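Participant: Before I ask anything, here is the structure I am working with.
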Amino acid sequence: MELLLVSVLNGLLYGMLLFMLASGLTLIFSIMGVLNFAHASLYMLGAYFAYEISRRVGFWVALVIAPLLCGLLGALIETYGLRKAHRHGHVAELLFTFGLAFIVEKLVLMVWGPTAVPYRVPPELDFTLFSVYGTHVSAYRGFILLISAAMFAAIWLLLTRTRMGFVIQASLSHPDMVASLGHNVPRVFTTVFAGGAALAGLAGVIGGNYLVTEPAMAFSMGPIVFVVVVFGGLGSLAGCFIASLIMGFVQTFAVVLDISPADLLARLGVAVTPATPLAEVLRVPLPRIGPFLPFLLMVFMLLVRPRGLLGTRDT
């Protein structure tokens, strides 16, 4: 029971962190139809911006300023780069954002160096909120869950319950009609991209001090974020939320459960023998294949349901 409860808490926390990062990418794709390969780089910049701001004026100011800086940077990227690449199709957009990710990584290495920076949890939240079987749950973990839940509610209400949300959703499917009603469609796209960048920056502010702030953080989080978006369904915020929790639990339990797929099959009455196809692979313990499980789940989802859990677009 102790292992189960602690793993559930860790999986929930990691899943909500994934959602904070993936929600911005989902928002950008659902409105603009752009898969932004540089999204995790904005997450990294959010963490580094927060580190620099917090060491001067405190974490709470960084919590506001760093996402705004990422949002401003996102607006500049969309206006002066992505908008021009859009004229040449989706391949040009992907190449542009892919190259941008490399540029951001090199700039971070030049400014902050190759090692991790001492970005710490704020002292106001560095205490034990409650304990589960001797495992202490910090107040900062509760803060992360609170912020991520508030983010989900705010995005959902914005897109489904406000006039701005209706204009944003209509700008992709019926841009000419939206423009004829007096709305500036390019400005709408810039606003959406800036909002997605700000969400990535906020995820960096929250996750950078809980995990680690280093130049490799974008590369480590980028692939799993795309798995979440594809598994949940391209363009679906609810699918992104569910997929984030699933991937969080999968990766958490894969680390703590020292069993193999062969053991699971044996409990179902299926014996794995040397003659069984892929017998050696089935006997590999879950902790050794844990990092690959999300990708295997994504491949399985693409085979049985290419649109993902709740997706509205073909992947």
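Participant: So, of the residues in the stretch 1-59 that are β-branched (Val, Ile, Thr) and modelled with pLDDT of 90 or more, which turns out to be surrounded by the fewest Cβ atoms within 10 Å (Cβ to Cβ)?
Facilitator: Going through the stretch 1-59, the residues β-branched (Val, Ile, Thr) turn out to be 6, 8, 26, 28, 31, 34, 53, 57.
Checking the rest, the ones that are also modelled with pLDDT of 90 or more come to 53, 57.
Values: 53: 20, 57: 11.
Of everything passing the filter in the stretch 1-59, 57 is surrounded by the fewest Cβ atoms within 10 Å (Cβ to Cβ).
Participant: Sort out which residues of the stretch 132-152 are more than 17 Å from the chain's Cα centre (by Cα), surrounded by 16 or more Cβ atoms within 10 Å (Cβ to Cβ) and among the β-branched types (Val, Ile, Thr), and write them in order of number.
Facilitator: Scanning the stretch 132-152 gives a single hit, 137.
Participant: Considering each of 132, 185, 178 in turn, give the residue that is out of contact with any Asp or Glu (no Cβ under 9 Å at 6 or more places or on another chain) and farther than 25 Å from residue 220 by Cβ. Give the steps one after another, and end with the answer.
Facilitator: Values: 132 fails: out of contact with any Asp or Glu (no Cβ under 9 Å at 6 or more places or on another chain); 185 fails: out of contact with any Asp or Glu (no Cβ under 9 Å at 6 or more places or on another chain).
Just a single option satisfies the conditions, and that option is 178.
Participant: Filter the stretch 212-259 down to residues that are part of a loop (DSSP other than H, G, I, E, B), among the aliphatic types (A, V, I, L, M) and free of Cβ contacts under 8 Å to residues at least 40 places away in the same chain and give me whichever is nearest to residue 33 (Cα to Cα).
Facilitator: As a first pass, look at the stretch 212-259 and keep what is part of a loop (DSSP other than H, G, I, E, B): 212-216, 233-236, 257-259.
Still in the list and also among the aliphatic types (A, V, I, L, M): 212, 216, 234, 257, 259.
Checking which are free of Cβ contacts under 8 Å to residues at least 40 places away in the same chain leaves us with 216, 257, 259.
Working: 216: 27, 257: 39, 259: 41 Å.
The residue in question is 216.
Participant: Just checking: which of the helices (runs of 4 or more DSSP H) contained wholly in the stretch 1-94 hold 2 or more residues that are out of contact with any strand residue (DSSP E or B) (no Cβ under 8 Å at 6 or more places or on another chain) and of a type in the set (Lys, Arg)? Give the steps one after another, and end with the answer.
Facilitator: On the way: elements: 2-32, 39-57, 59-77, 83-86.
So the answer is 39-57, 83-86.
Participant: So if I check each of 129, 157, 172, which one is surrounded by 15 or more Cβ atoms within 10 Å (Cβ to Cβ), modelled with pLDDT under 90 and either touching a strand residue (DSSP E or B) at 6+ places or on another chain (Cβ under 8 Å) or not β-branched (Val, Ile, Thr) (or both)? I'd like the intermediate steps shown before the answer.
Facilitator: Details: 129 fails: surrounded by 15 or more Cβ atoms within 10 Å (Cβ to Cβ); 157 fails: surrounded by 15 or more Cβ atoms within 10 Å (Cβ to Cβ).
Unique residue meeting the criteria: 172.
Participant: Could you identify the single residue in 101, 150 that is assigned to a helix (DSSP H, G or I), of a type in the set (A, V, I, L, M) and touching a Ser or Thr at 6+ places or on another chain (Cβ under 9 Å)? Reasoning before the result, please.
Facilitator: Working: 150 fails: touching a Ser or Thr at 6+ places or on another chain (Cβ under 9 Å).
Within the list 101, 150, the selection yields 101.
Participant: Let me ask another. Give all pairs with beta carbons closer than 9 Å in which a residue from the stretch 120-142 that is in contact (Cβ under 8 Å) with a residue 24 or more places away in the chain and among the hydroxyl-bearing types (Ser, Thr, Tyr) meets a residue that is assigned to a strand (DSSP E or B) and surrounded by 12 or more Cβ atoms within 10 Å (Cβ to Cβ); count only pairs at least 6 apart in sequence or on separate chains.
Facilitator: Partner pairs satisfying both residue conditions: 140/129.
Participant: Can you name the residue in the stretch 290-315 that is of a type in the set (Val, Ile, Thr) and at pLDDT 85 or above and is also surrounded by the fewest Cβ atoms within 10 Å (Cβ to Cβ) among such residues? Give the derivation first.
Facilitator: Of all residues in the stretch 290-315, those of a type in the set (Val, Ile, Thr) come to 299, 304, 312, 315.
In the following step, the residues that additionally are at pLDDT 85 or above were identified as 299, 304.
On the way: 299: 13, 304: 7.
Among them, the one singled out is 304.
The values are calculated or read from the model by the stated rules, or taken from the named source; none is laboratory data. The shown structure was predicted, so the numbers you read here are calculated from the model rather than taken from an experiment. Note: ideal-geometry Cβ built from the backbone for every residue, glycine included; neighbour counts use all protein chains shown.
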